[in-house]
């Protein structure tokens, strides 16, 4: 009876870990894409502003148009940079990558335990792995909450 319960626990934990790996992989990739995109847009806008402000040889009306366009692009840089700071996609990307690493390590430890135990998995070791699983998620949620609190203050 104890072995059956341990097998059920190990399957339960394995499914939970797989589900979270899939979820955090999507979140990491989403935030990575947003972080890279935001940085590239900021760089492109800033470089365009610099080029426009450096243009010479234009007539007076052309110069005025170019300067106004440069000011608009400069404001857009400020806006994009503000959004980047608010959403902190790079911080979330890094955090979710750390969570993924922890979940992969936990999955490997569970697989090792199952192979090593050869059918007689000690429930207390499964319980320890489950507690690690909970700590990984709790730490990630705590980090996410801290980021959101910083943004509202």
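The values are calculated or read from the model by the stated rules, or taken from the named source; none is laboratory data. Predicted model only: the values in this text are computed from it and were never measured. Here the Cβ positions follow ideal geometry from the backbone for every residue, glycine too, while neighbour counts run over all protein chains shown.
Select, from 73, 13, the only residue that is within 33 Å of the chain's Cα centre (by Cα), within 30 Å of residue 120 (Cβ to Cβ) and in a helix (DSSP H, G or I).
Only one candidate qualifies: 13.
Within segment 103-122, take every residue that is within 12 Å of residue 9 (Cβ to Cβ) and modelled with pLDDT of 90 or more and give me the one that is nearest to the chain's Cα centre (by Cα).
Per the stated criteria, the residue is 110.
How many residues are closer than 25 Å to residue 71 by Cα and without any contact (Cβ under 8 Å) to a residue 40 or more places away in the chain when one looks only at segment 15-53?
Residues in segment 15-53 being closer than 25 Å to residue 71 by Cα and without any contact (Cβ under 8 Å) to a residue 40 or more places away in the chain: 15 in total.
Looking only at segment 127-153, count how many residues are assigned to a loop (DSSP other than H, G, I, E, B) and crowded, with 16+ Cβ neighbours inside 10 Å.
0
Would you mind finding the one in 37, 95 that is closer than 30 Å to residue 144 by Cβ and touching a helix residue (DSSP H, G or I) at 6+ places or on another chain (Cβ under 7 Å)?
It is 95.
Collect the residues in segment 1-42 that are more than 24 Å from residue 113 (Cα to Cα) and exposed (fewer than 12 other Cβ atoms within 10 Å of the Cβ), keeping them in residue-number order.
26, 40
Has segment 54-64 got any residue that is in a helix (DSSP H, G or I) and in contact (Cβ under 8 Å) with a residue 12 or more places away in the chain?
No; the residues of segment 54-64 include none that is in a helix (DSSP H, G or I) and in contact (Cβ under 8 Å) with a residue 12 or more places away in the chain.
What are the residues in segment 115-126 that are assigned to a helix (DSSP H, G or I) and surrounded by 12 or more Cβ atoms within 10 Å (Cβ to Cβ), if any? Explain how you work it out, then say what you get.
Here is the first cut: in segment 115-126, the ones assigned to a helix (DSSP H, G or I) are 115-117, 123-126.
Matches in segment 115-126: 117, 123, 125, 126.
Looking for something over 16 Å from residue 19 (Cα atoms) and either touching a helix residue (DSSP H, G or I) at 6+ places or on another chain (Cβ under 7 Å) or not in a loop (DSSP other than H, G, I, E, B) (or both) - is there at least one such residue anywhere in segment 100-108?
no
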